[in-house]
Amino acid sequence: MFPTVFSRSSLRFPRYNYALQLRRAFATPAEPQDLRDESMDKKPRKYTTPLRRSASASLPIRANPTPTRSSIQTVFTLATAERYLLSRMRGFPVLPSHSQKFHESWWIPRWGKHGKEGEVFVFANGSFVCWGLEEDEAHRFAVEVIGRIPGIEVSPLKASPGNRGIRIRGGSHRVALTTRLQGDLIILGKNPPLNELTPPAKLPAMIFPEETLFARYAFSQALSRSTALSALEVALEEYLSSMALLPHSLAKTGKPGMGRTALVKKLGELMKFRQGLNLNRENFSDVPDFYWTEPELEKYFNSVSDALDVKVRTDSVNDKITYAAEAQSVLRQLLTETSTHSMELVIIALIAVEVVIALIRDGPELWEIFTGQDHKRPDPSHAEKV
């Protein structure tokens, strides 16, 4: 039995394309042509840049293949929605009978065509991780499984997928490889004993070794979190693009070019971004409770999260949201001032109308008071008596 090694790479940077690749994909809305900044076409977006850690750390393994190491295989992650309702997957006929809930994921030990089977972890954050499946098979899983389960996707993402990746590789137990992240390789090998966690009583036949099941889960959860964050980054970039013309409108016309209702809707979208980033149960800042009693698994989770810059990217998204919130605060103040000015003009106009009406109604009396002349008509009965 061979443990497995995974290497990470980016599709936009072919020099990182090594043997076993884990790829992350997420659905992205098309960018409006009229709002596109030319400089953005020349410089890759933040979420498409290569991972920080150099690939040189994994060169000794990739450059020296041995018969005791298994071939490199693919790990691919895909996000299709903002959230999955995992309870909808229970008992659905499109899934293999051996699929089951595994902690905070839905675990499918074997899926795919005969001879090309792999393992899939589906997470509630709207993404799933495929081990040993190629990119086309991962997309087929999204269509044939996720797409056929009614109500599983909450707020599906728009089409036009983007991706970037990581790969896997393995070696024999005689080499005593330990499970770890090395450079751009995720190595699945020998695991230290766990403190409290035990595998399910009845495990189905799996593609990968049973002893690395919890390690694969930890790596998968970190990868799925990074993929969900990438989808959020894309949505936020789209949102910021939709607001990019407001400063130009203010500079040109002195008006924000957006009504109060539209601005309130945009503010709601911004609050939704911040809630999804920081307040949901599956957020991007906290280490899941699952790892509190298992430091080794937490080390696996943190190693991938650090390599994929999850914390740095989360802070960057928060900074962008803060900037957008400040810009919207300025716009709200401008709209409030404009509304206040309009109300002042209306009040002045009403006062003027009231003055005119008072002059028409009480003008003779006022004239008498100021001039002392009596403009009353003589009483006819008094005239006849005289």
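Quick notes
- Answer residue from region 51-89, given it is farther than 30 Å from residue 147 by Cα and within 23 Å of the chain's Cα centre (by Cα) and is modelled with the highest pLDDT among those: 51
- Condition check for residue 262: within 17 Å of residue 319 (Cβ to Cβ) and over 11 Å from the mean Cα position of the chain (by Cα): no
- Odd one out for residue 323, checked against (1) of a type outside the set (Val, Ile, Thr); (2) in a helix (DSSP H, G or I); (3) in contact with a Lys or Arg (Cβ under 8 Å, 6 or more places away or on another chain): (3)
Residues checked against (1) β-branched (Val, Ile, Thr); (2) in a helix (DSSP H, G or I); (3) at pLDDT below 90; (4) more than 24 Å from residue 284 (Cα to Cα):
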| site | (1), (2), (3), (4) |
| --- | --- |
| 91 | no, no, yes, yes |
| 98 | no, no, yes, yes |
| 101 | no, no, no, no |
| 106 | no, no, no, no |
| 115 | no, no, yes, yes |
| 120 | yes, no, no, no |
| 125 | no, no, no, no |
| 129 | yes, no, no, no |
| 143 | yes, yes, no, yes |
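- Verdict on residue 303 being in a helix (DSSP H, G or I), under 24 Å from residue 179 (Cβ atoms) and small (Gly, Ala, Ser): yes
Listed here are the residues, each with its yes/no results for (1) more than 27 Å from residue 278 (Cβ to Cβ); (2) touching a helix residue (DSSP H, G or I) at 6+ places or on another chain (Cβ under 9 Å); (3) surrounded by 22 or more Cβ atoms within 10 Å (Cβ to Cβ).
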residue	(1), (2), (3)
80	no, yes, yes
85	no, no, no
102	no, yes, no
114	yes, no, no
122	no, yes, yes
129	no, yes, yes
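- Count - residues of region 244-287 that are at positive phi and surrounded by 11 or more Cβ atoms within 10 Å (Cβ to Cβ): 1
- Any hit, region 313-334, residues being within 26 Å of residue 220 (Cβ to Cβ) and among the charged types (D, E, K, R): yes
- Total residues in region 184-225 satisfying the condition of being under 30 Å from the mean Cα position of the chain (by Cα), polar (S, T, N, Q) and surrounded by fewer than 24 Cβ atoms within 10 Å (Cβ to Cβ): the figure is 1.
- Those residues of region 354-386 which are modelled with pLDDT of 75 or more and among the β-branched types (Val, Ile, Thr), in sequence order: 355, 356, 357, 360, 369, 371
Quick grid of which residues meet (1) over 25 Å from residue 244 (Cβ atoms); (2) out of contact with any Pro (no Cβ under 9 Å at 6 or more places or on another chain); (3) modelled with pLDDT under 85:
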position: 308; (1), (2), (3): yes, yes, no
position: 316; (1), (2), (3): no, yes, no
position: 324; (1), (2), (3): no, yes, no
position: 335; (1), (2), (3): no, no, yes
position: 342; (1), (2), (3): yes, yes, yes
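The values are calculated or read from the model by the stated rules, or taken from the named source; none is laboratory data. Not measured: the values here are computed from a predicted model. All Cβ positions, glycine included, derive from the backbone under ideal geometry; neighbour counts span all protein chains shown.
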